[in-house]
Amino acid sequence: MATRDGALARAARFFDEGGFADRLSALVAIPSTSQEEQHAPALARYLEEGIAPWLAEMGFSSHLHENPEAGFGPILTATRIEDPALPTVLLYGHGDTVAGLAAQWSDGIAPWAVTDRGDRWYGRGTADNKGQHAIDLAALQAVLDERGGRLGANVKLVLETAEERGSKGLRDFVAAHAEALSADALIASDGPRVEPGLPTIATGTRGTWHCDLVVRLRQGGVHSGHWGGLTTDPAILLAHALSTIMDRNGKILVRGWLPGDGLGSAVPAAVRAVLEGCPVGGGDGAATIDEGWGEPGLTPAEKIYGWNSFIVLAMTSGVPANPVNAVAPDARAHCQIRYTVDSDPAGFEAALRHHLDLHGLEAVAIEQAAIRMPASRTAPDHPWVRWAQASMEKSLGQRVQVIPNSSGGLPGDVFVDHLGVPLVWVPHSYNGCKQHGPDEHLLKAPAREGLLAFAGLWWDLGEPGTPAR
């Protein structure tokens, strides 16, 4: 007789006996980076050869679509409909990765092969996002096998290959296929847990707003001996501009950028409540949680899950690799705000312009200001969130932390805007996984827990008691 425990046991055996490692290895071996032109054909190959046959084994009907935006990777959709009256969950993932950066990886490991070392699997995409959507699909397969091929619910899938280029084309695609993709909830996986050993549900993501700050004073550099001390140095002006935006301890001084009332008075009460007692951890030594950095009076969890951050991603003046004795003609900084849905990004540029002008910095221009990825959030107490939390806690026998949004960005807004679905993100990685750099890896313990958690979710989806029944 098919049982929930039997489904979880099947999932555990698949992991423990090497089946998942083999599946992950086959997926990582396809160099499907969307950031290197020479690997562009691998994007379709990942979907056609790595994913579609596996979906067919589970009874899905899948279709490969061209991206609505020329020059960006294809999109796979798949459906497994048992009865339109049953609950329907939408899965999302992305098969593209960042650039391989092969020359930068440690000795003995490489981007396009899984290397097993101790408690982790190394390889590009192991954490972002091949390993994560593979966990969700492997769990579904275990439940289908336990139930003799019947789930008791419907599943739809969207797997894109342009996420690492801003999910270009996804919004138009989902809008055009909204009826076919309609579902009761999106339940999918990407990003990190709040710490490696604590299962997590995120109900949204922070958005990203970018701009260039530019000081452009003359056509070319001028002799530093003849002109230094007489003519304005654009790098100094730019440095002063940045110092007015954020103080030396990381507090944002453009208060109109902040959540809530725009004055930076507090983290919204509902967000603060769900983050009470939430830990933050799991770095690998490449970065630290510095107690004195950021908004005073906030906990680390409130700083990254309930607040906005300002980051200078890059800045230049002159040619750092080949400096010459000249006062540079210009200076540029590419800046980013990670923001929550409690902020209004439509006012970010105006607030910054007003702030700079108040400080006598009219010479600092704001260029290419735009949202790269909008923020999204489902209420943390939404019925689908609480249902998923209860299911995971039953499967894993431990507390599951709910956060109002993850610290990074994902295109959840696309599915909220065009499908009206609640968001339930169940990450299987951690924030030290090096997902955008060399030595990307997936920790085995959270991956195994994720497989068990999703086996329980898939099982419970076919039982009475879901919010859709």
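So if I place +1 on the C-beta of Lys and Arg and -1 on the C-beta of Asp and Glu, and nothing else carries charge, what would the dipole magnitude of the stretch 403-469 be about its Cα centre? I want it in debye, nearest 20.
In total the dipole reaches around 160 debye.
How far is helix 348-358 tilted off the main Cα axis of the chain, in degrees rounded to 10, range 0 to 90?
Relative to the chain, helix 348-358 is tipped by roughly 20 degrees.
Near VAL215, within a Cβ-to-Cβ distance under 12 Å, what is the net charge of the other residues, with Lys and Arg +1 and Asp and Glu -1?
Counting the neighbours of VAL215, the net charge comes to -2.
At 0.36 nm per residue, minus the direct Cα-Cα distance, what do ALA113 and GLU82 gain on full extension? Give it in nm, one decimal, please.
Length gained between ALA113 and GLU82: 7.5 nm.
Rounded if a/c is under 1.5, else prolate if a/b is larger than b/c, else oblate: which is the stretch 12-75, with a ≥ b ≥ c the root eigenvalues of its Cα gyration tensor?
Since a/c reaches 1.5 but b/c is at least a/b, the shape of the stretch 12-75 is classed as oblate.
In whole percent, how big is the carbon plus sulfur part of the accessible area of the chain, probe 1.4 Å, protein atoms only?
About 52 percent, which is the carbon plus sulfur part of the accessible surface.
About the Cα centre of the chain, what is the dipole size in debye to 20, counting +1 per Lys and Arg Cβ and -1 per Asp and Glu Cβ, all else neutral?
With Lys and Arg at +1 and Asp and Glu at -1, about 380 debye.
Answer with one residue from PRO446, GLY432, LEU356: the one whose Cα lies farthest towards the positive end of the charge dipole of the stretch 329-449, charges on Cβ with Lys, Arg +1 and Asp, Glu -1.
About the Cα centre, the residue reaching furthest to the positive side is PRO446.
What FRET efficiency comes out for ALA273 versus THR231 if R0 is 51 angstrom and r is the Cβ-Cβ distance? Round to the nearest 0.05.
The value I calculate is 0.40.
Which trypsin sites (Lys or Arg not before Pro) does the stretch 382-432 hold that lie in a coil by DSSP with at most 12 other beta carbons within 10 Å?
ARG399
What full-extension length gain, to one decimal in nm, is calculated for ALA70 and GLN398 as 0.36 nm per residue of separation minus the Cα-Cα distance?
Once the chain is fully extended between ALA70 and GLN398, it gains 113.5 nm.
Looking at the chain only, what percent of DSSP beta bridges run antiparallel? Nearest 5 please.
In the chain, approximately 75 percent of DSSP beta bridges are antiparallel ones.
Any idea of the accessible area per residue across the stretch 319-423, 1.4 Å probe, to the nearest Å²?
About 44 Å² of surface per residue is accessible.
Take the chain, mark every one of the GluC sites (Glu not before Pro) that falls in a DSSP loop and has at most 11 other Cβ within 10 Å, then report the longest stretch left between them, sites excluded.
Looking at the chain, 18-178 is the longest stretch - no exposed GluC sites (Glu not before Pro) with at most 11 other Cβ atoms within 10 Å.
Calculate for the chain the 222 nm mean residue ellipticity that helices alone would give, adding -39,500 (n - 2.57) per DSSP H run of length 4 or more and normalising by residue count, nearest 500 deg cm²/dmol.
The helix contribution divided over the chain gives -8500 deg cm²/dmol.
State the extension gain, in nm to one decimal, for the chain segment bounded by GLU17 and ARG353, taking 0.36 nm per residue of separation less the distance between their alpha-carbons.
Difference between extended and current length: 115.1 nm.
Could you state the number of Å between the C-alpha centres of the stretch 159-184 and the stretch 368-419?
Measuring centre to centre over Cα atoms gives 17 Å.
How tilted is helix 130-146 with respect to the longest principal axis of the chain? Cα atoms for both, answer in degrees (0 to 90, nearest 10).
Around 10 degrees separate the two axes.
Calculate how steeply helix 4-16 sits against the longest principal axis of the alpha-carbon atoms of the chain, using the helix alpha-carbon long axis, and give the answer as 0 to 90 degrees to the nearest 10.
Here the helix axis deviates by roughly 60 degrees.
Give the residue from ALA333, LEU298, SER343 lying farthest towards the positive end of the charge dipole for the stretch 256-357; charges sit on Cβ (+1 for Lys and Arg, -1 for Asp and Glu) and the dipole is referred to the Cα centre.
Sorting the options by dipole projection puts first ALA333.
Does a label point 7 Å from the Cα of ALA445, set along Cα-to-beta-carbon, have any residues of the stretch 406-430 with amide nitrogen under 13 Å, and which are they?
430
In whole percent, what relative contact order does the chain give with Cα contacts below 8 Å and a gap of six or more residues?
Dividing the mean separation by the residue count of the chain yields 26 percent.
Could you grab the relative contact order for the stretch 7-152? Cα pairs under 8 Å, six or more apart, rounded to a whole percent.
Worked out over the stretch 7-152, it gives 29 percent.
Classify the chain: rounded, prolate or oblate, from the alpha-carbon gyration tensor (a ≥ b ≥ c, eigenvalue square roots; a/c under 1.5 rounded; otherwise prolate if a/b is larger than b/c)?
prolate
At a Förster radius of 25 Å, what calculated FRET efficiency corresponds to the Cβ-Cβ distance of ASN322 and ASP290, to the nearest 0.05?
The value I calculate is 0.15.
Between the stretch 430-469 and the stretch 19-59, what is the separation of their alpha carbon centroids in Å?
First find each Cα centre; the distance between them is then 19 Å.
The values are calculated or read from the model by the stated rules, or taken from the named source; none is laboratory data. Quick caveat, the model's predicted, so the values are computed rather than measured. Cβ sites come from the backbone with ideal geometry, for glycine too, and all protein chains shown count toward neighbours. These accessible areas exclude ligands, DNA and RNA; they are computed on the full protein's heavy atoms, side chains included. Shrake-Rupley method; radii C 1.70, N 1.55, O 1.52, S 1.80 Å.
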